[in-house]
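Novice: One structure coming up, written as structure tokens, with questions to follow.
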Amino acid sequence: MPATKPMPKKITTAIKPKSATPISAARYPKVPDLKMPLPGPKARAVVALDDKFVSPSYTRSYPMVIERGLGLAAEDVDGNVFLDMTAGIAVNATGFAHPDVVAAIQDAAAQFAHMSGTDFYYAAEAELARVLAEHTYGGVERRVFFSNSGTESIECAIKLARWYTKRPYILSFRGAFHGRTYGSMSVGCSKAIHRNHFAPLVSSVVHGNYPYLYRADPHLKTEEAVVNDCLSYLENVVFAKEVQPEEVAAILVEPVQGEGGYVVPHASWLPGLRKLCDKHGILLVFDEVQSGMGRTGKFFAHEHFNTVGDIICTAKGIASGLPLGAVIAKKEIMSWPPGSHASTFGGNPIACRAALATIKLLDESLIENTREVGAYFKQRLEEFAKTSDVIGDVRGLGLMLAAEFVKSKSSKERNPELRNRVEETAFHRGLLLIGCGANTIRFCPPLVITKSEVDTAMDLFKLALKDAQA
């Protein structure tokens, strides 16, 4: 086979992400910077066009119509500038238009845009597979399958687990979100609307309970007791009354539950699942689609729990906004024959180059920045929660943080109406937020965030809550 052309040299970072000066300052001296009542005339025109031609199944909380951005600054079509705490739903790991990522994309696009890595070879795909395998916790040999998205990664993992074990059942958890295609929709269990009128679903799926301390039964006094109750439910209810463990191919779990409310389990949860899987010959599959790629201050969130997964699914932040997903499995598991599974666009060369640039930035400074700034951000949220009777819980790891809204701390009654109003009032203050779960606001900003941007976000969040309660 002809020698592969060497990869172009990566461009040195032009802007230091961990600098005290926000990346956005190179273009936007003031963030946020609202120039008119929202939405502006150009934004209204785009929304009207969208309403006429785009599927109404999309979920939009407010009329933000982006035109461009830099770092955490998002500029809309009318020139209004917002501070982004969403990262495009935890996707823009390096923020908008990071120079290293832009350079990688431009260079790759100038060479070739597509050749289908399932039928041909190219260096960026092979190199990215190596990098992902070597970054995955556990010190075991792994192989990688590339997809285009998180839901495709989950579909691949389901197929692989069933193929390898020759068992039919998948066990996942209530509150989990794994995607909206048929397999991922069937194993998910976060909102009924995701399944409404789509039956019959993929068969041979059962669900357990996820250890959600803030919402656990009052008689469970400690986090360990909550975990033990959930593990006991699997053994004494699911495996005793619903399906024998010998029929279960995989336990699929989010190390930190994402769309279910950014729920962080106790440290004993994942080790407990690992022990259960080993006991019954079940594969342990981690859905790291939202929690991976440095988001929690580790490359993958399951590293916090010192637990090795058999299959890891990732996407979102992997390529700083380009569509790419990956399934990283132990080598002996990903041993299926040619034709078993493939993807025309998965592992697109431009997306692979963006991913390599992203991971380089994660390694150089952004994971460390996530730990440091994330701890500061969580502290600021916790301090504010002490002064507010409607923020019942603050939780999270790294820059995967959440504040849960309640009607009062004493009642702990969910308050989705207030959460929704806060999203809207924050938008009118120039702060982009997005919810998760029934009544929780998530903070998942780009990992290039600075402490000064945290301070601005907290000031705006406080004002937004005050506006929402007025």
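Every read-out reported here was derived from the displayed coordinates using simple, explicitly stated rules and does not represent laboratory data. Note that the structure is a prediction, hence the values are computed from the model and not measured. Neighbour counts are summed over all protein chains in view; Cβ atoms, including those assigned to glycine, are modelled from backbone coordinates with ideal geometry.
Novice: Cut-off is 10 Å between beta-carbons; in what order do 324, 273, 231 appear when sorted fewest neighbours first?
Specialist: Fewest-to-most Cβ neighbours within 10 Å comes out as 231, 273, 324.
Novice: Here's another thing I want to ask about it. On full extension of the chain, what length is gained from residue 52 through residue 410, given 0.36 nm per residue of separation minus the C-alpha to C-alpha distance?
Specialist: 124.4 nm
Novice: Right, something else. Quick one: if you stick a label point 7 Å off each Cα along the C-beta vector at residue 386 and residue 113, how many nm between them?
Specialist: 5.5 nm
Novice: Please give me the summed charge of the neighbours of residue 283: other residues whose Cβ is under 10 Å from its Cβ, Lys and Arg +1, Asp and Glu -1.
Specialist: +2
Novice: I've got another one for you. Skipping prolines and chain starts, which residues have an amide H placed within reach, meaning under 5 Å, of the one on residue 321, given they are 5 or more residues away or on another chain?
Specialist: Amide H neighbours of residue 321, under 5 Å, 5+ apart: 93.
Novice: Sticking with this structure for a sec: Residues with amide H under 5 Å of residue 283's amide H, sequence separation 5 or more or different chain, H placed in the peptide plane at 1.01 Å from N; which?
Specialist: 250, 251
Novice: A follow-up question, please. Rank these for me by crowding, 331, 412, going from fewest to most other beta carbons within 10 Å.
Specialist: 331, 412
Novice: Just add up the charged neighbours of residue 209: K/R +1, D/E -1, any other residue whose Cβ is under 11 Å from the Cβ of residue 209.
Specialist: Computed value for this residue: 0.
Novice: What share of the DSSP beta bridges in the chain is antiparallel, in percent to the nearest 5?
Specialist: 70 percent
Novice: For region 102-361, state the semi-axes of the equivalent ellipsoid (square roots of 5 times the eigenvalues of the alpha-carbon gyration tensor), sorted largest first and rounded to whole angstrom.
Specialist: Equivalent ellipsoid semi-axes, largest first: 32, 19, 17 Å.
Novice: Once the principal axes of the Cα atoms of the chain are found, what is the range along each, listed largest first in whole angstroms?
Specialist: Dimensions of the chain along the principal axes of its Cα atoms: 66, 61, 44 Å.
Novice: Quick one: which residues, 5+ away or cross-chain, put their amide H under 5 Å from the amide H of residue 210? H built at 1.01 Å from N.
Specialist: Correct list: 174.
Novice: Still on this model: What distance in nm lies between label points placed 7 Å from Cα along the C-beta direction at residue 198 and residue 240?
Specialist: Each label point is offset 7 Å from its Cα along the Cβ direction, giving 3.3 nm.
Novice: Here's another thing I want to ask about it. Which of 217, 84 comes first, and how do the rest follow, when ranked by fewest Cβ neighbours within 10 Å?
Specialist: 217, 84
Novice: Need the C-alpha centroid separation for region 131-146 versus region 76-106, integer Å.
Specialist: So the separation of the two Cα centres works out to 28 Å.
Novice: For region 198-276, what is one quarter of the convex hull surface built on the Cα atoms, given in nm²?
Specialist: Over every viewing direction, the Cα hull of region 198-276 projects on average to 6.2 nm².
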